[in-house]
1. Which one is nearest to the chain's Cα centre (by Cα), of the residues in region 30-77 that are of a type in the set (Val, Ile, Thr) and closer than 30 Å to LEU219 by Cβ?
2. Being farther than 15 Å from GLN8 by Cα and in contact with a Cys (Cβ under 9 Å, 6 or more places away or on another chain) is the filter here, so list the residues in region 112-144 that pass it.
3. Give the residue, chosen from GLY141, GLY147, GLY158, that is free of Cβ contacts under 8 Å to residues at least 40 places away in the same chain and in the same structural domain as ARG12 (by TED's automatic domain parsing).
4. List the pairs whose first member sits in region 6-28 and is free of Cβ contacts under 8 Å to residues at least 12 places away in the same chain, whose second member is surrounded by 12 or more Cβ atoms within 10 Å (Cβ to Cβ) and among the hydrophobic types (A, V, I, L, M, F, W, C), and whose Cβ atoms are under 6 Å apart, counting only residues at least 6 apart or on separate chains?
5. Among the residues that make up region 172-185, is at least one of them exposed (fewer than 14 other Cβ atoms within 10 Å of the Cβ) and either under 30 Å from ASP79 (Cβ atoms) or in contact (Cβ under 8 Å) with a residue 12 or more places away in the chain (or both)?
6. Among the residues of region 1-24, are any under 30 Å from ALA221 (Cα atoms), surrounded by fewer than 12 Cβ atoms within 10 Å (Cβ to Cβ) and among the charged types (D, E, K, R)?
7. Restricting to region 78-95, and then to whatever is within 36 Å of the chain's Cα centre (by Cα) and outside any loop (DSSP other than H, G, I, E, B), can you tell me which residue is surrounded by the most Cβ atoms within 10 Å (Cβ to Cβ)?
8. Is it the case that some residue within region 135-144 is within 30 Å of VAL114 (Cβ to Cβ) and either in contact with a helix residue (DSSP H, G or I) (Cβ under 6 Å, 6 or more places away or on another chain) or exposed (fewer than 10 other Cβ atoms within 10 Å of the Cβ) (or both)?
Amino acid sequence: MAARAYWQGQIRLALVSIPVEIYSATKSGASISFRQIHEPSGKPISYEKVVRGVGPVDRDEIVKGYELSKGNYVLLDEDEIDAVKIESRKTLELVQFVDQGEIDVFYFEKPYYVVPADDLADEAYVVLREALRKAKKVALGQMSVRGREVLVSLKPCGKGIVLETLRYADEVRRAQSYFKDIPDDTPDAELLDLATTLIDKKTAPFDAGEFEDRYVEALKALVEKKAKARGKKVLEDIEEPSSTGGSNVIDLMAALKESVDPDAKASAKKAPARKTATKKSGTTKSTRSKASGSKTSRSSRSRKSA
């Protein structure tokens, strides 16, 4: 089954219009969802609309309300809400361009693929893609989706263009309230060098296929086992984290050095063991010499007695 377009329309840059179709770049197939089940009957649980002190109510008695203060609501009809919805324009006008990397990561919400709607749109599409790439810019605009206006960015991606929906400023919490108590000190140069070395050591090209949601995979395996068990409980072994004991105080320098060169600590641990083994070997040799001397003395005494 072909994917359904999230949006169809045209991208407009001044007097140039490019017919496009926009498709979601992500899917939710990796997640697992659960239903609540009534165990005695095995049937799913449904939910009734209930008003406290009144009981169940009909669906046609329900309206939307906006809470002004605790317990005080402004009631709105669907017609009133529809009247203020943004007109469903089929044009995404590019109104501004910004440098790549200028938009903070927490403004980005969800990615979409932008493709030409037909062969006639190919040329203008490629010109826009390459112009953005050459200028190293990201395009910004707003488009109407399901009655609301969505802020979006467009940037080149391989042979295509990726659109990302963006959060508005009032949807993002300011970082200052979270980071204000963090000290602004300059770290020790050696610590910084060690941390940088560790980062360089673990640097590799990004490949999303190298990572998996282990919790989801474990859930899938559990569901499969439970299905085969025909209703019997399946208990999974849970690996508990090992207890290292001792103090929680971390020697940052030692931890970084060991992280950069794990063999260094291992070599240091092995050295005393070799020393002890040598000492034992010396002791054994000495014992053997004494035993040999004692044996010779006994032989000499035996000959004299004879």
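1. So the residue we want is ILE32.
2. Passing the criteria: only ARG129.
3. The unique qualifying residue is GLY158.
4. Listed pairs, sorted by first residue: none to list.
5. Within region 172-185, one or more residues are exposed (fewer than 14 other Cβ atoms within 10 Å of the Cβ) and either under 30 Å from ASP79 (Cβ atoms) or in contact (Cβ under 8 Å) with a residue 12 or more places away in the chain (or both).
6. Scanning region 1-24, I find no residue that is under 30 Å from ALA221 (Cα atoms), surrounded by fewer than 12 Cβ atoms within 10 Å (Cβ to Cβ) and among the charged types (D, E, K, R), so the answer is no.
7. So the residue we want is LEU92.
8. Going through region 135-144, the residues within 30 Å of VAL114 (Cβ to Cβ) turn out to be 135-144.
From what's left, either in contact with a helix residue (DSSP H, G or I) (Cβ under 6 Å, 6 or more places away or on another chain) or exposed (fewer than 10 other Cβ atoms within 10 Å of the Cβ) (or both): none.
No.
The values are calculated or read from the model by the stated rules, or taken from the named source; none is laboratory data. Please read these numbers as outputs of a predicted model, since none were measured by experiment. Cβ coordinates were reconstructed from backbone atoms using ideal geometry, including for glycine residues, and neighbour counts include every protein chain displayed.
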